[in-house]
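Colleague: This structure is in structure tokens; I'll ask about it shortly.
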Amino acid sequence: MPDVTLNAFVHTLAFETEDITRIELRPQDGGEFPAFEAGAHIDLQLPNGMVRSYSLLNAPGERHRYVLGVLKDRASRGGSRCVHEQLRIGTKLAISAPRNNFKLHEDAAHSVLVAGGIGVTPLLSMGRRLQQLGRSFEVLFFARSRRSAAFATEIQALGVPVHWHFDDEAGGPPDLAVLLAARAKPGTHYYACGPAVMLDSFETHCAALGYADAHVERFAAVEVAAASDARTTYIVELRRSGKTIQVSPGQTLLDALTAAKVNVATSCEEGYCGTCETAVIDGVPDHRDAVLSASEKAANKVMMVCVSGCKSERLVLDL
């Protein structure tokens, strides 16, 4: 987990649509930001005290700037509203180094990028990287209307086949089952980012089609129930700080860490951003996040402490 704090300022603000703002950040000292990979996101420490994660949409290799697209969510808990209402050109922000839970497999024979609304942002960065590499790929772009479709011109500039779908013109949402089935090429990787209902459908259809290389990035949590063998009481040893704490019934691991005054970086606190990723030295976590893959969860090397629990009597963390 990156713990570096970078000093940035808002260099440019632009309206992409009525509800989506493009934000270009640059280093305060005029130098360079750390390099990033396609699919990465950064955390912004907002003026209202909140920390929120947003995907980078510019081309990997650009270190003089980070570019984001932020939707003003009607159900905002304060993060996107703050971005739209309080950020101004020149606003100084502390941001994190890039973190990537949505990695691009650059050696794939072909890539299919499935974008729903603001979910286009990490996929646009992926497309730019694939374009740089001269790799084969295509884009499926879904939006409610042409008016609400952000970054359409930049998608067209990728110079690859694009399937455009606008709900108001088509009379409803896209038929993902048909679209995915038509793209059953050996060696293909499939990537999707967008609304939860679209991602649920994407995962269901990819599984039914036998697509092993399907990847998603979620902007909202998926509730995962505790495992049947999860413990309500367990001991947590914090190896670096030398503390030992107990998690009691009705208490989350994050609650116990906070009560013990253990500093853990968090953002979403719902298990989908990866900010709180913590190394596991010993013990068996009960993984309830939407970040780790099935193989990563089985390995038990890391866990998201904001939502996950424990299956063993004792858990040893690198904190």
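Colleague: So, of the residues in region 179-193 that are of a type outside the set (A, V, I, L, M) and assigned to a strand (DSSP E or B), which turns out to be farthest from V114 (Cα to Cα)?
Modeller: So, considering only residues that are of a type outside the set (A, V, I, L, M) and assigned to a strand (DSSP E or B), the one farthest from V114 (Cα to Cα) is T188.
Colleague: Considering only residues of region 15-56 that are at pLDDT below 95, aliphatic (A, V, I, L, M) and touching a helix residue (DSSP H, G or I) at 6+ places or on another chain (Cβ under 6 Å), which is surrounded by the fewest Cβ atoms within 10 Å (Cβ to Cβ)?
Modeller: Among those that are at pLDDT below 95, aliphatic (A, V, I, L, M) and touching a helix residue (DSSP H, G or I) at 6+ places or on another chain (Cβ under 6 Å), it is M50.
Colleague: Oh, and also: Given the residues T91, T12, which is the only one that is out of contact with any Leu (no Cβ under 8 Å at 6 or more places or on another chain) and open to solvent by less than 40 Å² (accessible area, probe 1.4 Å)?
Modeller: T91
Colleague: If you don't mind, another one. Tell me whether region 265-283 contains one or more residues that are closer than 19 Å to S312 by Cα, open to solvent by less than 50 Å² (accessible area, probe 1.4 Å), free of Cβ contacts under 8 Å to residues at least 60 places away in the same chain and assigned to a helix (DSSP H, G or I).
Modeller: Checked against the condition, which is being closer than 19 Å to S312 by Cα, open to solvent by less than 50 Å² (accessible area, probe 1.4 Å), free of Cβ contacts under 8 Å to residues at least 60 places away in the same chain and assigned to a helix (DSSP H, G or I), region 265-283 yields no hits at all.
Colleague: Now for a separate question. Say we look at region 124-136 and pick out the residues that are open to solvent by less than 80 Å² (accessible area, probe 1.4 Å) and not in a helix (DSSP H, G or I); which of these is farthest from A59 (Cα to Cα)?
Modeller: Looking at the filtered set, the residue picked out is S136.
Colleague: Check off (1) touching a Lys or Arg at 6+ places or on another chain (Cβ under 9 Å); (2) more than 21 Å from G134 (Cα to Cα); (3) in a strand (DSSP E or B); (4) in contact (Cβ under 8 Å) with a residue 60 or more places away in the chain for V112 and give me the number that stays unchecked.
Modeller: That leaves (2) as the condition not met.
Colleague: If you take the residues in region 84-93 that are part of a helix (DSSP H, G or I) and closer than 13 Å to V10 by Cβ, which one is nearest to the chain's Cα centre (by Cα)?
Modeller: Step by step, filter region 84-93, then rank; the result is H84.
Colleague: Output the residues belonging to region 59-83 that are open to solvent by 40 Å² or more (accessible area, probe 1.4 Å) and closer than 17 Å to F9 by Cα.
Modeller: Pass one, region 59-83, residues open to solvent by 40 Å² or more (accessible area, probe 1.4 Å): 61-65, 71-75, 77, 81.
Answer for region 59-83, where residues must be open to solvent by 40 Å² or more (accessible area, probe 1.4 Å) and closer than 17 Å to F9 by Cα: E62, R63, H64, R65.
Colleague: Also: Which residues, taken from region 23-45, are within 30 Å of S145 (Cα to Cα), of a type outside the set (V, I, T) and free of Cβ contacts under 8 Å to residues at least 60 places away in the same chain?
Modeller: Correct list: E24, L44.
Colleague: A follow-up question, please. Going by the conditions given, is G309 on the phi > 0 side of the Ramachandran plot and open to solvent by less than 60 Å² (accessible area, probe 1.4 Å)?
Modeller: It is false that G309 is on the phi > 0 side of the Ramachandran plot and open to solvent by less than 60 Å² (accessible area, probe 1.4 Å).
Colleague: In region 137-178, how many residues are surrounded by fewer than 16 Cβ atoms within 10 Å (Cβ to Cβ), out of contact with any Phe, Trp or Tyr (no Cβ under 6 Å at 6 or more places or on another chain) and either among the hydroxyl-bearing types (S, T, Y) or in a strand (DSSP E or B) (or both)?
Modeller: 2
Colleague: In addition: Would you check if there is a residue in region 262-269 being over 20 Å from the mean Cα position of the chain (by Cα), of a type outside the set (G, A, S) and modelled with pLDDT under 95?
Modeller: For region 262-269, residues over 20 Å from the mean Cα position of the chain (by Cα), of a type outside the set (G, A, S) and modelled with pLDDT under 95: present.
Colleague: Among the candidates S295, S228, single out the residue that is surrounded by fewer than 21 Cβ atoms within 10 Å (Cβ to Cβ) and more than 26 Å from the chain's Cα centre (by Cα).
Modeller: The conditions single out S228.
The values are calculated or read from the model by the stated rules, or taken from the named source; none is laboratory data. Values in this document were obtained by computation on a predicted structure and should not be read as measured data. Note: ideal-geometry Cβ built from the backbone for every residue, glycine included; neighbour counts use all protein chains shown. To get the accessible areas, we keep the full protein, side chains included, count just its heavy atoms, and leave off ligands, DNA and RNA. Shrake-Rupley method; radii C 1.70, N 1.55, O 1.52, S 1.80 Å.
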